[in-house]
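Worksheet: the structure to be examined is printed underneath.
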Amino acid sequence: MISSLRGTVLAAVGTSLVVEVGGVGLTVSVTPEHALSVRVGSEAQVNTALIVREDDLALYGFRSPDELEVFNLLR
């Protein structure tokens, strides 16, 4: 499970961020407000939930542990 990321924001477009962690760019789905609140080139910390399906790996990002907890309760 990937529970959080910290790294440099490479892109912030629409509802996703690309965060470089250890030389690997990870795409994280976030809310549009979250994507607008970060700046490309800055460091960001994102609380995450990794959803594994038969044909997909989806990484969802949240600003706070409370937002992540609500997501986990609703899924």
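Considering the range 30-66 alone, what residues qualify as being closer than 18 Å to GLU20 by Cβ and acidic (Asp, Glu)?
GLU43
State all residues of the range 48-70 that are within 16 Å of ARG6 (Cβ to Cβ) and either in contact with an Asp or Glu (Cβ under 7 Å, 6 or more places away or on another chain) or of a type in the set (Val, Ile, Thr) (or both); if no residue qualifies, say none.
The one that is within 16 Å of ARG6 (Cβ to Cβ) and either in contact with an Asp or Glu (Cβ under 7 Å, 6 or more places away or on another chain) or of a type in the set (Val, Ile, Thr) (or both): THR48.
Quick note: the coordinates plus some simple rules give every number you see, no bench work behind them. Everything quoted here is computed from the prediction, not taken from an experiment. All Cβ positions, even for glycine, are placed from backbone atoms using ideal geometry, and neighbour counts span all protein chains on display.
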